[in-house]
Amino acid sequence: MRNEASIIARLSGIIPSRTGVRPSGDVLLGIGDDAAVIRPRPGFATVLSTDAFVEDAHFLARLHPPDAVGYKALARAVSDLAAMGAAPRYFLLTLALPGEKAGAWLELFARGMARATRRFGMRLIGGDVSRHDRVFAALTVIGEARRGRVLTRSGARPGDALYVTGRLGAAQAGLELLLREGPRGIARRADSYSLKRHLYPDPRLAIGAWLAASKLATAAMDISDGLSTDLGRLCAASRAGAMVHASALPVARDARPGARREPAEYEDGVALRRALHGGEDYELLFTVPRRLASRVPPRFRGVSLTHIGEIISGRGVVLLDAAGRSRPLRPLGWDHFARQ
């Protein structure tokens, strides 16, 4: 018979965790008490973020594999730490799910989360479980960064060069593929870059850490809700505007309607809309003073770093097309409370 204790035991048995009351390094108290206790390292700041992953809002149980749900629930939360230049260390998991998902579905979910936990070098140190008619996973991730090296959204200044990591629009293309072809499409398109980016995102931890250590970036954030929406948030925090060059955007090959098309052919098409407004790419958006832009390499550990525009005076974001025409870039990315 399944109960809360057995579910907690199963989760902590699969996901790398700290259990018991014996101190273990920087975890003084892990799973098994009313709260966890950790010891911050001298010279480091603790960085915390929380993120929810909700059935029918963030994933569809009939389409998304349980292991991908578990993996992505943690990966998307960790992306916030990457944006701050922080190294992930621990996380707390609050999980609610229907009784019928407390067996095989939960097992696969936990294995996917365990894969992410090991990949990011983390430990599960506590949380809560309960019953609900839909799956609800809330994660609190805890990381650390050297004091004085934490990246924020608010430091961009007019004249700064604007960069993005990786390629944009892939996750949205992967979602569209999954909606179109269903679970069978996962098997048929197992090598699809876009599908992998949608199901198993890769937070840019190494790049975030490098930006923080090098003191190159004046501002940074991750792209979770779409470039058009998240760039607007960075500009608002920095009290500045931005100009984006459409022809410079690094569009994921899978996200183009035709793989061999050049930028001029898809600039106003589906692929550009995905790159601008599609969510869940979990790439990093960052700014660098113009005088230091030459120090930004074209690639870092195999991931492209692309100059896509500049920070400008004033407010709002402007999109510049190949013909030199500019227009306001409306924030049409994901918003839970707006009609999509």
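Dimensions of segment 4-146 based on its C-alpha atoms, expressed as ranges along the principal axes with the largest first, amount to 46, 33, 21 Å.
Over all distinct Cα-Cα pairs of segment 161-328, the Kirkwood formula returns a hydrodynamic radius of 16.3 Å. Within a straight-line Cα-Cα reach of under 26 Å, Lys72 can be paired with the following lysines, leaving aside sequence neighbours fewer than 8 residues apart in one chain: Lys101, Lys196. DSSP assigns beta bridges within the chain; of those with both partners inside it, close to 70 percent run antiparallel. Only alpha carbons enter this Debye calculation for the chain, each as an equal point scatterer, and the log10 of I(q)/I(0) it gives at q = 0.15 Å⁻¹ is -1.26.
With both bridge residues required to lie in segment 4-146, what share of the DSSP beta bridges run antiparallel, to the nearest 5%? If you can, show how the numbers build up before the last one.
Values: 23 of 35 bridges.
Roughly 65 percent of the beta bridges in segment 4-146 run antiparallel, per DSSP.
Placing unit charges on each Cβ (+1 for Lys and Arg, -1 for Asp and Glu) gives the chain a dipole about its Cα centre, and among Thr50, Val251, Ile125 the Cα reaching farthest toward its positive end belongs to Val251. A straight line joining the Cα centroids of segment 192-207 and segment 315-340 runs 24 Å.
Which net charge results for the neighbourhood of Tyr200, defined as the other residues with beta-carbon distances under 12 angstrom from its beta-carbon, given Lys and Arg at +1 and Asp and Glu at -1?
+3
Set Lys and Arg Cβ to +1 and Asp and Glu Cβ to -1, take the dipole of segment 49-165 about its Cα centre, and tell me which of Leu92, Gly155, Ala138 lies farthest positive. Toward the positive end, the furthest listed residue is Gly155.
Around Arg134, what is the net charge, scoring Lys/Arg as +1 and Asp/Glu as -1 over all other residues with Cβ under 13 Å from its Cβ? With Lys, Arg at +1 and Asp, Glu at -1, the net is -1.
Peptides 163-174, 242-253 ranked from most to least packed, by the mean per-residue count of other Cβ atoms within 10 Å: 163-174, 242-253. Evaluating 6.51 cos²θ - 1.76 cosθ + 1.60 at θ = phi - 60° for every residue in segment 312-322, the Karplus couplings come out as 10, 6, x, 10, x, 10, 10, 9, 10, 8, 5 Hz, glycine and proline recorded as x.
Residues considered: Arg189, Arg327, Arg157. Largest GNM mean-square fluctuation over the chain, using C-alpha springs under 10 Å, is found at Arg327. Mean sequence separation of contacting Cα pairs (under 8 Å, at least six apart), scaled by the length of the chain, corresponds to a relative contact order of 21 percent.
If neighbour count is taken as other Cβ atoms inside 10 Å, put His198, His336 in order from fewest to most.
Sorted ascending by nearby Cβ count, the order is His336, His198.
Over the chain, dividing the summed -39,500 (n - 2.57) contributions of all DSSP H runs of at least 4 residues by the number of residues returns a 222 nm mean residue ellipticity of -9000 deg cm²/dmol. 3J(HN,Hα) along segment 181-194, derived from phi through the Karplus expression 6.51 cos²θ - 1.76 cosθ + 1.60 where θ = phi - 60°, amounts to 9, x, x, 5, x, 5, 5, 6, 10, 4, 9, 5, 4, 5 Hz, with x in place of Gly and Pro. Rounded to whole numbers, the Karplus 3J(HN,Hα) couplings from phi for segment 41-48 are 7, x, x, 10, 9, 8, 10, 10 Hz, using 6.51 cos²θ - 1.76 cosθ + 1.60 with θ = phi - 60°, and x at Gly and Pro.
Read-outs: derived from the displayed coordinates by stated rules, not from any lab. Because the structure is predicted, anything quoted here is derived from the model rather than measured. Cβ sites come from the backbone with ideal geometry, for glycine too, and all protein chains shown count toward neighbours.
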